[in-house]
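Peer 1: Can you read through this structure? Questions will come right after.
The values are calculated or read from the model by the stated rules, or taken from the named source; none is laboratory data. Keep in mind that this is a model prediction, so the values were computed, not measured. Heads up, the Cβs are rebuilt from the backbone with ideal geometry, glycines too, and the neighbour counts pull from every protein chain shown.
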Amino acid sequence: MDGTLVAGRPEDVADWTSEEWEAALEQSHTIAARCHWGRFMSVFGDEADLAFQGPSGLSDAALLDRLADAEALVTQLMVEQSSLLRVLRERRLRDQAVDTPDHDPQSCTRGCCDADGWVTLEVAQALAVTERQVHRRLDTAERLTRYRAVAEAMRDGLLQSWTATKLLEHLDLLAPYVCADRLDVIEQTTLAWLLDRPRTVGQLNARMRRLLLSLRPEDGDESDPLASGRRVDVVPAEMGDLATVVAQVPEVDAVAIAGTLRALAAEPVNPADLRTRDQREADLLTSCLTGVRAAHGFDDDLELIARSPGSLSVRLDVTIPASSLRGHGAPAHIPGYGVVPAAAGAALAGAADCDVTTRPLVYDPGTGRLLGSGAGLDCGQRPAGAGSGEGGSRMSWLHDVLPASGYQHPPVMERLVHLRDATCRAPGCARRAQRCDCDHVVPYPDGPTSVDNTCCLCRRHHRLKTHAPGWSLSMARDGTATWTTPTGRTLRTDPADYRDGGDHLTAAPDGDIPPF
């Protein structure tokens, strides 16, 4: 053995002694542990490991480990491909510079230069992808040279490839608004957060969007290129008779559209209407725009739309700090949608045609976890001192809600649990709490009907928790939910974080970044 991994078995391996096999196996493991490609050996099996019999002989836990290693390998290969692509681009740019020595590719007006050295078509044909996809990969390759901590985590296989790509994009969006040192802290802190436990891309997007909105100057949306990018696209489906309609509109309009459709489709007006709410919303959108019945709609839809302006009650929950009601300050939050700029939140909270109420929320500034909520008050009839919880605002505190005597959750308890959780408490699920079940963590009557024994679960994850073999759920008094999987892994979810702004995102990480 000369210090390299055994790629194949020599002709005379049949004559190896057990000691030679053990030495070869030990050497391959040692080298694998020192290199970025070490997890490659786990995915495909060590050629020197005679005990490897394929995945069918693995335990459930080992199968999950190998799946995670395969995902890590995808990320490692992505970094390797980015490096190769960047080197090829640099060579093509050098060739271009030799042919056109007096030209700057960025400002060339004769069309003879290209910012990427005309490399995209060549690579696209070699990889059987589009040139647009190659451009995106080139962008990722360049970002990896700027954000070294992310690149190192990817080389070690600690980040899922799509999550890493989105993180790089978010860091580039933040770069114009923060200094280099703070951007570095944000990069390190976000990495620590991602690697602390499995996180979804949706969770990452929400976190980084809140931070971006808190940092971006409040000089009006017209300075944002997205504000002038309003458009509607229709994309045919690959199969079937459905198509996708994509509308890019200002957030205030988008939220108003969603709230109106949700209110229109809340309940069927015809007993024969067996459509789901999602199907009714789609049909009502078509009827609203065209004035005729949708392809799978009902005549009742047109009657509902015709009489809705005077009778429709649209409920819109907007969580916005009191300091931001004038349109400046920390971002607002809309359940089921996410964070919006303070100006958009203030506009929605003060919409003249909506039944708007204020609902004071009190949370722990250190953790962002809800402590209590006030009863709703009409914005136009707010008593003096209501904003501070005095005089007009009747507060309900989580720790003061007494257990109920029966199975049914009292309205106050249900409302506070919805506010505390905000979404389904299954890891990675973003279904809004108002569309979830209030579930007894320890089933009733063994467990009480109390805040400490209740969490929000969407119907699918409620069924999983109740019926799936090997799954269990427990919850601490602070609202932290801990799931145990059939293979013994523990997954933790926390209550909603109500902290404003995002300053807590820029604190320096404690210690080393933990592995995935």
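Peer 1: Would you kindly identify the helices (runs of 4 or more DSSP H) lying entirely within the range 134-244 that contain at least 1 residues that are at pLDDT below 85?
Peer 2: 201-215
Peer 1: When you go through (1) surrounded by 15 or more Cβ atoms within 10 Å (Cβ to Cβ); (2) in a helix (DSSP H, G or I); (3) modelled with pLDDT of 85 or more one by one for Ser308, which number turns out not to apply?
Peer 2: Of (1) surrounded by 15 or more Cβ atoms within 10 Å (Cβ to Cβ); (2) in a helix (DSSP H, G or I); (3) modelled with pLDDT of 85 or more, only one is false for Ser308: (3).
Peer 1: Right, something else. Starting from residues that are over 23 Å from Asp181 (Cβ atoms) and of a type in the set (Ser, Thr, Tyr), keep the ones in the range 488-510 and report whichever is modelled with the lowest pLDDT.
Peer 2: Among residues in the range 488-510 that are over 23 Å from Asp181 (Cβ atoms) and of a type in the set (Ser, Thr, Tyr), the one modelled with the lowest pLDDT is Tyr498.
Peer 1: Which numbered condition trips up Gln106, out of (1) at pLDDT below 65; (2) over 23 Å from His135 (Cβ atoms); (3) exposed (fewer than 15 other Cβ atoms within 10 Å of the Cβ); (4) not hydrophobic (A, V, I, L, M, F, W, C)?
Peer 2: (2)
Peer 1: Go through the range 433-464 and give me each residue that's surrounded by 17 or more Cβ atoms within 10 Å (Cβ to Cβ) and either aliphatic (A, V, I, L, M) or over 17 Å from His409 (Cβ atoms) (or both).
Peer 2: The answer is Ala433, Val441, Val451, Leu457, His461.
Peer 1: When the residues of the range 478-499 are filtered to those that are out of contact with any Asp or Glu (no Cβ under 7 Å at 6 or more places or on another chain) and hydrophobic (A, V, I, L, M, F, W, C), which remaining residue is nearest to Trp397 (Cα to Cα)?
Peer 2: Per the stated criteria, the residue is Ala481.
Peer 1: Report those strands (runs of 3 or more DSSP E) wholly inside the range 387-499 carrying at least 2 residues which are within 30 Å of Leu63 (Cα to Cα).
Peer 2: Passing ranges, in order: 472-475, 481-484, 490-493.
Peer 1: Still on this model: Looking at Val292, Val269, which one is touching a helix residue (DSSP H, G or I) at 6+ places or on another chain (Cβ under 6 Å), part of a loop (DSSP other than H, G, I, E, B) and hydrophobic (A, V, I, L, M, F, W, C)?
Peer 2: Matching residue, one of Val292, Val269: Val269.
Peer 1: May I pose another question? Just to be sure I understand, how many residues within the range 245-304 are crowded, with 16+ Cβ neighbours inside 10 Å and in contact with a strand residue (DSSP E or B) (Cβ under 7 Å, 6 or more places away or on another chain)?
Peer 2: Within the range 245-304, residues that are crowded, with 16+ Cβ neighbours inside 10 Å and in contact with a strand residue (DSSP E or B) (Cβ under 7 Å, 6 or more places away or on another chain) number 2.
Peer 1: Between residues in the range 403-424 that are over 17 Å from Thr480 (Cβ atoms) and residues that are assigned to a loop (DSSP other than H, G, I, E, B) and not small (Gly, Ala, Ser), which pairs lie under 6 Å by C-beta distance while being six or more apart or on different chains?
Peer 2: Within 6 Å, the pairs are Pro403/Pro448; Ala404/Pro410; Tyr407/Tyr444; Met413/Val401.
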